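Read the structure below first, then the notes.
Throughout, read-outs are computed from the coordinates displayed, never taken from laboratory work. Here the structure is a predicted model, which is why all the values come from computation and not from measurement. Glycine also receives a Cβ, built like all others from the backbone with ideal geometry; neighbour counts cover every protein chain displayed.
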């Protein structure tokens, strides 16, 4: 026997139909409304409970105090947790089996994995009924039309180097600007303590530091001045060898194992993304060029966690890195 159609069941059917259509390509474009509105179908805040955030995609109206946040990259995950917001969903990076290991387990527990960072699962995101999505234009500009139909989507222009500016955008979107000021102040004080610990500004400036990353399927990266980790070195006042200034677009100067000696410095921090053999790490660190570098001979090469130093991109990661810098430079 067919169940009677009640007002409630009819409403549920209409809601399910609208949700399914919103994920379809045709309705995504047809139902956008104002290009800069950013008012997703999944966000039903009452008038007066939203505010406007300037984003890389234009002004977006977001809830004043979002309750169900989805983040689509590690920087946004770090920002949210740093500000005391546990997202309901987050992506993972390609080489990871979960969320970055440097984040406290009790803080990431219960967060739904919504797919690989470059290819998030739209249905999984929509099922979480978020009222805010955080990501960047460089990662997900092509998916913006779909995302903003699910919930207001705040995109920064880029990730990595402009992380401090991005954090302020994240804080504004999350309604955590007062908390953000405290985070920034505490970080600045922390960086100052590390500078003092390594011997003061003059000694820090005289210590040239390089960051080298072995990447599976790519050349070896010597990180330049316009990167997340470089900003931390600068905040401590550490010196950089000339090669860092030659990085393409300020990002990295890429070399083969036969030119690894270009990475030499007083101190080297190295990380690996992917398989050590396929990233040329095994071949490189076993070579004579590597073993003859002054940092290697002095024992001033430090292996660090790639998730923390390269992928973290936020204040929680930054404070952990400052601790590791101090330990390595004062041993």
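Cβ crowding within 10 Å, taken as a proxy for footprinting-reagent exposure, orders 323, 261 from fewest neighbours to most as 323, 261. DSSP beta bridges fully contained in the stretch 199-329 are about 40 percent antiparallel.
Rounded if a/c is under 1.5, else prolate if a/b beats b/c, else oblate: with a ≥ b ≥ c from the C-alpha gyration tensor eigenvalues square-rooted, which is the stretch 109-231? Working shown, then result.
Working: a/c = 2.78, a/b = 1.61, b/c = 1.73.
Judged from the Cα gyration tensor, the stretch 109-231 comes out oblate (a/c at least 1.5, b/c at or above a/b).
Out of all DSSP beta bridges with both ends in the stretch 31-175, state the antiparallel percent to the nearest 5. The antiparallel fraction comes to roughly 40 percent.
Based on the Kirkwood radius over alpha-carbon pairs, what is the Stokes-Einstein translational diffusion coefficient of the stretch 31-175 at 25 °C with 0.890 mPa s viscosity, in µm²/s?
On the way: Rh = 14.8 Å.
Reported coefficient: 166 µm²/s.
The peptide list 177-183, 126-132, 300-306, 275-281, put in order of mean Cβ contacts within 10 Å with the highest first, becomes 126-132, 300-306, 275-281, 177-183.
Quick one: order 99, 251, 167 by neighbouring beta-carbon count within 10 Å, fewest to most. The partial results should precede the final answer.
Working: 99 22, 251 16, 167 25.
In increasing order of surrounding Cβ atoms, one gets 251, 99, 167.
Across the stretch 247-309 the C-alpha pair distances fall into 5 Å bins from zero in the proportions 4, 17, 24, 30, 20, 5, 0 percent. Between residue 282 and residue 179, the simple spin-label model (points 7 angstrom out along Cα→Cβ) gives 4.4 nm.
Counting neighbouring Cβ atoms within 10 Å and putting the fewest first, the residues 133, 260 line up as 260, 133. Along its three principal directions, the equivalent ellipsoid of the stretch 199-329 from the Cα gyration tensor extends over semi-axes of 21, 17, 14 Å, largest first. Summary of the geometry: the stretch 120-171 and the stretch 200-236, compared by the centres of their Cα atoms, lie 28 Å apart.
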